[in-house]
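Notes follow once the structure below has been shown.
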Amino acid sequence: MGVSRRQFFKSVAGTIAYAAVASAVPARLFASWNQPAFTSETLAAAIAAKYGNMPIEESSAIQIKSPEIAENGAYVPVSIATTIAGASNISVFSEANFSPLVASFNIMPRMLPDVSLRLRMAKTANIVVLVQAGGKLYRTVREVKVTIGGCGG
């Protein structure tokens, strides 16, 4: 037996209502993607695409927790925290990856600047973390030795 006329119109009305609600949601509620930064092939190009030419200074106020030796580069747990006042963005880079920018987190004023992720690393390399605060960038670096590559290697 086929679909009744009532079921058909109920289905069509539901689809129209869903489309109306979805189109009314402002685009600013969805995260934006910085394609040039995430597709850059070198660390310098990725930083320039993400932050332009903002000045960078080394900082001990950024803590990176990760294993010194990762047995498998396909799964490297990393936690980043900072005590830098006014931190508005934390970006994580892996120098040896095909696309060095691994993740970028926007930090809202009432958020604790503390993030955790699992990243893939092609081979032994430095993890570079940049924290943006007040028009400046702060950097810290930590080397992770990878015994089995996780990015196609």
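None of the figures in this text is laboratory data; all of them are computed from the coordinates on show. Only a predicted model underlies this, so the values are computations on that prediction, with no experimental measurement involved. Counting neighbours? That spans all protein chains shown, and the Cβs are built from the backbone with ideal geometry, glycine included.
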Using a simple charge model, +1 on the beta-carbon of Lys and Arg, -1 on the beta-carbon of Asp and Glu, nothing else, what dipole does the range 30-153 show about its Cα centre, in debye to the nearest 20? 180
Given a Förster distance of 30 Å, report the FRET efficiency between residue 111 and residue 44 from their Cβ-Cβ distance, rounded to the nearest 0.05. 0.55
Which value does Rg/Rh take for the chain over its C-alpha atoms, Rh per Kirkwood? 1.19
Efficiency of FRET between residue 65 and residue 17 - r from beta-carbon atoms, R0 41 angstrom, step 0.05: 0.30
Net charge contributed by nearby residues that have their C-beta within less than 13 Å of residue 143 (K/R +1, D/E -1): +1
Show which lysines lie in cross-link reach of residue 65 when reach means a straight Cα distance below 17 angstrom and same-chain residues fewer than eight apart are skipped. 145
